[in-house]
Structures are given as C-alpha cells and as structure tokens.
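Once you've had a glance at the structure underneath, I'll fire off some questions.
The values are calculated or read from the model by the stated rules, or taken from the named source; none is laboratory data. Remember, it's a predicted structure, so these values are computed and weren't measured experimentally. Neighbour counts run over all protein chains shown; Cβ positions are idealised from the backbone, glycine included. Protein only, heavy atoms only, side chains kept; ligands, DNA and RNA dropped before computing areas. Shrake-Rupley method; radii C 1.70, N 1.55, O 1.52, S 1.80 Å.
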Amino acid sequence: MSTIMNVTVGQLLQELAEKQPEREAVVYHDRNLRYTYKQFNEVCEQAAKGFMALGIAKGEHVAIWATNTPEWVISQFSTGKMGAVLVTANTNYQSQELEYLLRQSDSTTLVLIDAFKTHSYMETLYSIVPELKNSEPGQLQSEKLPFLKNIIVLGDKRYPGTYSWNDLLEKSAAVSDVALKERMEALHPEDVINMQYTSGTTGFPKGVMLTHNNLVNNARNIAACMKLTNEDIMCIPVPFFHCFGCVIGTMACVTVGATMVPIQEFDPRKVLETVQNEKCTVLHGVPTMFITELNLDDFSQYDLSSLRTGVMAGSNCPIEVMKAVVDKMGAKEITIAYGQTESSPVITQTRTDDPIDLRVSSVGRALPNVEVKIIDPTNNLEVAPGMQGELCTRGYQVMKGYYKNEEATKEVLDSEGWLRTGDLAVMDENGYVKITGRLKDMIIRGGENIYPREIEEFLYSHPKILDIQVVGVPDAKYGEEVMGWIILKEGESATEEEIREYCRGKISHHKIPRYIAFTDQYPMTGSGKIQKYKLREQSEQLLSLR
C-alpha cells in the first residue's frame with residue numbers, strides 16, 4: 001500500500017467503472033437515487049463535457065455552494081475529468097464571505113442550490129452581482145467579480161441570468177468523447193484540482209491548493225487505515241465542502257470502489273435510519289455529530305449492527321464519546337484521524353487493530369509515506385519523544401500552497417517542504433501522537449502554561465456535562481484566566497460552584513476555571529469546528545457585563 005499512485009481523479013473513477021461496473025457507487029437513501037459505478041462514471045463524463053461546452057478550460061476555477069447533493073459529488077469527479085479546479089464554498093457563508101471567495105479565487109463559474117434552511121442563496125447572489133438579473137446565461141459581466149461568467153442553479157426553478165443543471169447536461173452533446181479523452185490525457189497528477197478555503201479562524205480565509213496526487217493518495221491511505229474494501233458502504237453526514245466529506249468520505253470510497261451514502265444535510269435521526277436501512281458498515285462524523293446521535297431519546301430503536309468502522313475527526317474527541325461509539329454503536333474498528341486542509345487533510349490516523357486505549361488517547365501515527373516531527377517552536381529544533389512541541393509534516397499530502405498568497409505560504413511551508421501545523425503535540429517512541437492544543441489556544445496564567453484540552457478531557461467525566469470548551473480570558477493580575485463554557489445534558493442543572501468543587505483535589509488549582517458559563521450551543525464553522533476565538537470574544541463581552 002506504500003507506493004504513491006500517480007493518477008488523476010478522473011482516471012481513478014474511470015478505472016473503477018471498468019473494474020466493477022455493476023457495484024453501487026452512490027446511493028441517496030431518502031430520494032431513492034442509486035448509481036452503479038458505470039452509471040456514475042457516465043453521468044460524470046456527461047457533466048464534464050457540459051463544463052467544457054461552457055468553454056471552461058483546464059485550470060479554470062469552478063466554485064460550488066451547496067449541501068451534499070448528488071450534483072456536488074458529480075461536480076467533484078466531473079471537474080476531476082476535465083481539469084477545472086473545484087473551489088468549495090462553505091454552506092454557512094453569507095454575502096460578504098461568498099463575495100470574498102469568488103473574488104479571491106478568480107472563479108469563472110458558480111454551481112449553487114437556490115436556498116439552504118432559511119437562507120436564500122439566490123437573493124444573496126443577486127445582492128453581490130445585481131447585473132445577473134439582466135444578463136444572458138453565461139454572459140455575466142460584473143463590476144465586482146470580473147471573472148465570473150456562468151451561474152448554474154441546482155433544482156427545477158428557473159432564475160434570470162442562470163443555467164440549470166439540466167442545461168449543463170444537455171450542452172454536453174456539443175462536446176465529443178474524443179475531446180473529453182484528449183482533455184483527460186492533458187491533465188497531470190500534480191495539477192491543482194481542488195481549492196478549499198480554510199475556516200479563517202484567524203484573518204481572512206486562504207485558498208488551499210490541492211492536487212490530484214494530494215487527494216487520491218491521502219484518500220487511499222485513509223481507506224487502508226480503516227481496512228476499507230469494495231464491500232463497504234459508507235454513510236457520509238459530514239459536509240462535502242470540507243476535506244472530511246470530499247476526501248475522507250467520497251474520495252476514500254472511490255479509491256477502493258466502496259459505496260457512498262451521503263446525507264444531504266446533517267440530521268441525527270436521518271443518519272441512524274440510513275445506517276440501519278442501507279446496512280452501512282462505515283460512519284463518519286465530528287464528535288458533536290456522534291454526541292447528538294448517541295443522545296437521541298430513541299437511539300436504542302435503531303439497528304446499527306452492520307457498523308464496523310469510520311472516522312471521527314475535526315476536533316478533539318472526548319474519550320467517553322469514543323467509548324460510546326465502540327460500545328453502543330458497535331463500530332468496534334472506528335478510527336481517529338488528525339490533520340488539516342493544508343495536508344489534504346490527514347496526517348496521522350489510528351488503525352483498526354490499535355488497542356482501544358491508543359485509539360481513544362491518541363490520534364494515531366503517520367500515514368504511509370508521511371513524515372511527522374515535533375519541534376520546539378522557539379528554535380525549530382526537533383524535541384525528544386514525550387516532549388511537547390509544534391507538529392510539522394512533510395510528504396505527498398502537503399498542499400501546493402495558498403492561492404495568490406506567497407507570504408502566507410512561506411509562513412507555514414519551509415524550503416525543505418515541512419508544513420507547520422500550528423498544533424501542539426506529543427509523540428511517543430512508537431510514533432503515536434497526542435494533540436495537546438493549538439499554539440494560539442494556550443493559556444498563560446501567571447507564567448504557567450495551561451492547555452485547554454487537558455481541562456476539557458477532565459471535565460467530560462462529570463456526569464452532568466455533555467460538552468465543555470475552555471478558553472483564556474484577559475486578567476489584570478495573572479495576564480490570563482481560565483473560562484469554561486459548558487453544555488449540560490438534557491434535563492440537568494448545575495451551578496458554577498458545583499463544577500469547581502468537582503475539580504478540587506483532582507486538577508491543579510490554577511487549572512480550575514475561574515469563570516464558568518452555561519450555554520446550549522457553541523459558535524461553529526460550517527464544517528462543525530468550534531470557533532474558540534469567537535468563544536473568547538463572547539467571554540470578554542460577558543465578563544465586561546459582569
């Protein structure tokens with residue numbers, strides 16, 4: 001499994017369709033849509049020719065702003081065939097963020113759904129490019145977004161200035177199979193094929209440029225860590241716009257010919273129903289997803305006996321949650337993965353046969369062909385096993401860089417190809433890694449370094465606590481103080497003093513949260529990551545009121 005696969009995304013799907021044409025590739029349980037690998041490859045070829053018919057060249061940027069619809073995954077593999085770079089937009093974006101992404105990425109084409117929850121995407125788009133209402137489809141001329149020409153709307157409703165998805169498929173007739181074959185042959189595995197914008201937990205989001213080789217090989221190694229085969233059926237409730245959905249999810253399936261079963265919009269009941277009805281063997285999720293699934297009042301009614309493995313990633317996984325996924329969901333071979341978009345995304349992963357204590361206490365060891373080292377961030381020298389420092393990685397999985405942002409690229413990528421993650425970690429002598437925090441999240445109280453992760457792990461053991469996030473807040477005496485934001489389990493109540501009392505004698509005095517606030521939700525990115533910087537802002541506002 002250790003060789004690097006040198007294929008493009010389009011070739012990968014082509015090979016699978018030839019090898020196992022009748023095996024199911026994509027299943028949407030709730031809309032009774034089922035594609036075999038042969039059918040899925042054909043619809044991707046059709047969409048690829050449709051994109052070419054719009055005049056989209058190799059290397060051109062096509063943005064997609066949609067939930068986990070069938071057209072999303074078709075767009076992923078069809079752009080992989082005809083060489084456009086798929087730019088993924090977060091479904092939570094509002095006008096300012098969408099405009100920034102479209103402008104910074106130089107996207108010429110936008111594929112979108114017309115609305116999500118209460119947000120009308122079309123109204124947002126018309127507010128950014130009012131010219132669209134009076135333009136011919138494909139002829140948009142926008143002052144703000146000079147590159148943007150084509151708008152493709154998913155769904156049956158017609159909108160001024162736009163194409164429908166069916167228009168795109170119909171246009172494919174104008175492009176020959178030979179032209180598509182020539183285009184596919186002109187692509188190189190080292191070409192950029194995907195661009196994802198980092199959550200922007202600091203400053204403006206940056207466009208991470210990922211190649212065919214980045215994605216295909218990372219996905220293939222992730223699949224190997226889960227022992228994924230073409231017999232597996234994967235339920236994918238994590239968003240496609242994030243690496244978790246489109247690499248650890250869809251791409252990992254295609255590297256081995258497994259079946260993808262996407263959930264269009266996360267709903268814990270829908271997830272468990274789908275696992276039960278489609279007999280899914282694999283389930284992905286961020287910890288908060290697993291927490292809400294496990295805490296459904298009718299959880300025990302679902303037959304989850306088919307589950308074997310999956311990936312939990314995206315944020316720190318509480319040990320108690322991991323154990324519940326193994327014991328109550330029956331996913332005995334669940335794995336933990338760690339990484340970031342810049343490493344397409346996985347750097348380390350636990351293996352299915354790792355002992356449970358390693359699977360709950362670490363994020364595993366490096367994937368094949370991936371190097372990991374821990375350095376002292378003050379002098380950049382490697383530290384001894386068991387010492388904490390910043391995790392750095394090097395290998396086939398490291399991004400090409402940030403789009404049109406050499407300065408930011410130089411900050412995280414050195415001349416020898418090492419990527420600095422900004423994460424604090426400890427690695428043991430066997431290469432197993434524990435993530436201990438973010439360089440930026442560390443709290444320095446009166447000269448003592450405090451790592452929020454340690455306090456969070458301890459407080460998860462409190463019987464009333466469902467979730468806990470710890471942040472630092474400014475303090476005149478100590479520089480910083482510890483604040484805990486707590487979500488209680490349903491029907492429970494607790495006081496600040498009760499929580500502190502629980503900590504006394506069990507963790508050092510200086511780590512006990514001086515401030516505690518109870519909440520029912522955390523500020524999140526669209527991919528399910530908790531935005532600690534927003535929690536810090538909320539903390540400061542709350543304390544100034546107190």
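From the list Tyr533, Tyr515, which residue is closer than 30 Å to Thr88 by Cβ and either open to solvent by 20 Å² or more (accessible area, probe 1.4 Å) or under 31 Å from the mean Cα position of the chain (by Cα) (or both)?
Working: Tyr515 fails: closer than 30 Å to Thr88 by Cβ.
Result of the check over Tyr533, Tyr515: Tyr533.
Pairs only if they're at least six apart or on different chains, beta carbon under 6 angstrom, first in the range 1-22 and free of Cβ contacts under 8 Å to residues at least 24 places away in the same chain, second open to solvent by 10 Å² or more (accessible area, probe 1.4 Å); list them, first residue then second.
Pro21/Lys38; Glu22/Thr36
Restricting the search to the range 420-440, which residues are open to solvent by 30 Å² or more (accessible area, probe 1.4 Å), modelled with pLDDT of 95 or more and in a strand (DSSP E or B)?
Arg420, Val426, Met427
While we're looking at this one, here's another question. Which of (1) among the polar types (S, T, N, Q); (2) within 19 Å of Thr259 (Cα to Cα); (3) open to solvent by less than 10 Å² (accessible area, probe 1.4 Å); (4) touching a helix residue (DSSP H, G or I) at 6+ places or on another chain (Cβ under 7 Å) is the odd one out, the single condition Asn217 does not satisfy?
Of (1) among the polar types (S, T, N, Q); (2) within 19 Å of Thr259 (Cα to Cα); (3) open to solvent by less than 10 Å² (accessible area, probe 1.4 Å); (4) touching a helix residue (DSSP H, G or I) at 6+ places or on another chain (Cβ under 7 Å), only one is false for Asn217: (4).
Check off (1) buried (at least 20 other Cβ atoms within 10 Å of the Cβ); (2) out of contact with any helix residue (DSSP H, G or I) (no Cβ under 8 Å at 6 or more places or on another chain) for Val153 and give me the number that stays unchecked.
Among (1) buried (at least 20 other Cβ atoms within 10 Å of the Cβ); (2) out of contact with any helix residue (DSSP H, G or I) (no Cβ under 8 Å at 6 or more places or on another chain), the lone unmet condition for Val153 is (2).
Quick one: which of Ile356, Ile374 is β-branched (Val, Ile, Thr) and modelled with pLDDT under 95?
Ile356
With (1) more than 22 Å from Ile222 (Cβ to Cβ); (2) crowded, with 21+ Cβ neighbours inside 10 Å; (3) at pLDDT below 95 as the list, and Leu272 as the residue in question, which single condition is left unmet?
(3)
Take the range 322-353 and flag every residue that is touching a strand residue (DSSP E or B) at 6+ places or on another chain (Cβ under 9 Å), without any contact (Cβ under 8 Å) to a residue 60 or more places away in the chain and either farther than 23 Å from Glu454 by Cα or of a type in the set (Val, Ile, Thr) (or both).
Matches in the range 322-353: Val325, Val326, Met329, Ala331, Lys332, Ile334, Ile336, Asp353.
Can you pull out the residues in the range 275-312 that are within 29 Å of Pro452 (Cβ to Cβ), open to solvent by less than 10 Å² (accessible area, probe 1.4 Å) and among the aliphatic types (A, V, I, L, M)?
Correct list: Leu283, Val286, Val311, Met312.
For the structure I just gave you, tell me whether Lys49 is assigned to a loop (DSSP other than H, G, I, E, B) and modelled with pLDDT of 95 or more.
Values: assigned to a loop (DSSP other than H, G, I, E, B): no; modelled with pLDDT of 95 or more: yes.
For Lys49, the condition - assigned to a loop (DSSP other than H, G, I, E, B) and modelled with pLDDT of 95 or more - is not met.
Do we find that Gly417 is modelled with pLDDT of 95 or more and open to solvent by 20 Å² or more (accessible area, probe 1.4 Å) in this structure? Outline the logic, then answer.
Numbers: modelled with pLDDT of 95 or more: yes; open to solvent by 20 Å² or more (accessible area, probe 1.4 Å): yes.
Answer is yes for this residue.
Evaluate the following for Thr211: is it farther than 30 Å from Gln276 by Cβ and in contact with an Asp or Glu (Cβ under 7 Å, 6 or more places away or on another chain)? Don't jump to the end; show me each part of the working.
Working: farther than 30 Å from Gln276 by Cβ: yes; in contact with an Asp or Glu (Cβ under 7 Å, 6 or more places away or on another chain): yes.
It is true that Thr211 is farther than 30 Å from Gln276 by Cβ and in contact with an Asp or Glu (Cβ under 7 Å, 6 or more places away or on another chain).
Let me ask you something else. Looking only at the range 18-55, which residues are of a type in the set (A, V, I, L, M, F, W, C) and open to solvent by 10 Å² or more (accessible area, probe 1.4 Å)?
In the first step, residues of the range 18-55 are kept if they are of a type in the set (A, V, I, L, M, F, W, C); the result is 25-27, 33, 40, 43-44, 47-48, 51-54.
The answer is Leu33, Val43, Met52, Ala53, Leu54.
Is it the case that Glu320 is open to solvent by 20 Å² or more (accessible area, probe 1.4 Å) and modelled with pLDDT under 95?
Spelling it out, Glu320 is indeed open to solvent by 20 Å² or more (accessible area, probe 1.4 Å) and modelled with pLDDT under 95.
Just name the residue that is farthest from Leu168 (Cα to Cα) out of those in the range 92-116 that are free of Cβ contacts under 8 Å to residues at least 40 places away in the same chain and either assigned to a helix (DSSP H, G or I) or not small (Gly, Ala, Ser) (or both). Spell out how you get there, then give the answer.
Here is the first cut: in the range 92-116, the ones free of Cβ contacts under 8 Å to residues at least 40 places away in the same chain are 94-96, 98, 115.
Next, only the ones that are either assigned to a helix (DSSP H, G or I) or not small (Gly, Ala, Ser) (or both) stay: 94-96, 98.
Working: Gln94: 26, Ser95: 25, Gln96: 28, Leu98: 23 Å.
Checked the range 92-116; the qualifying residue farthest from Leu168 (Cα to Cα) is Gln96.
Okay, next question. Yes or no: the range 70-85 includes at least one residue that is assigned to a loop (DSSP other than H, G, I, E, B), small (Gly, Ala, Ser) and buried (at least 24 other Cβ atoms within 10 Å of the Cβ). Explain how you work it out, then say what you get.
At the first step, the residues of the range 70-85 found to be assigned to a loop (DSSP other than H, G, I, E, B) are 83-84.
When the remaining residues are screened for being small (Gly, Ala, Ser), the result is 83-84.
Applying the additional criterion that residues be buried (at least 24 other Cβ atoms within 10 Å of the Cβ) yields 83-84.
Yes; the residues of the range 70-85 include at least one that is assigned to a loop (DSSP other than H, G, I, E, B), small (Gly, Ala, Ser) and buried (at least 24 other Cβ atoms within 10 Å of the Cβ).
Run Thr211 past the list (1) open to solvent by 30 Å² or more (accessible area, probe 1.4 Å); (2) under 18 Å from the mean Cα position of the chain (by Cα) and report the number of the one that doesn't hold.
Among (1) open to solvent by 30 Å² or more (accessible area, probe 1.4 Å); (2) under 18 Å from the mean Cα position of the chain (by Cα), Thr211 violates only (1).
Here are some conditions: (1) touching a residue at least 12 places away in the same chain (Cβ under 8 Å); (2) of a type outside the set (Asp, Glu); (3) under 20 Å from Glu42 (Cβ atoms). Asn166 meets all but one. Which one does it not meet?
(1)
Okay, next question. Across the range 212-228, what is the total count of residues that are part of a loop (DSSP other than H, G, I, E, B) and of a type outside the set (Lys, Arg)?
Residues of the range 212-228 part of a loop (DSSP other than H, G, I, E, B): 226-228.
If we keep only those that are of a type outside the set (Lys, Arg) too, we end up with 226, 228.
Residues that pass the stated criteria total 2.
Within the range 359-374, count every residue that is over 16 Å from Gly395 (Cβ atoms) and either within 20 Å of the chain's Cα centre (by Cα) or surrounded by fewer than 17 Cβ atoms within 10 Å (Cβ to Cβ) (or both).
Selection size over the range 359-374: 3.
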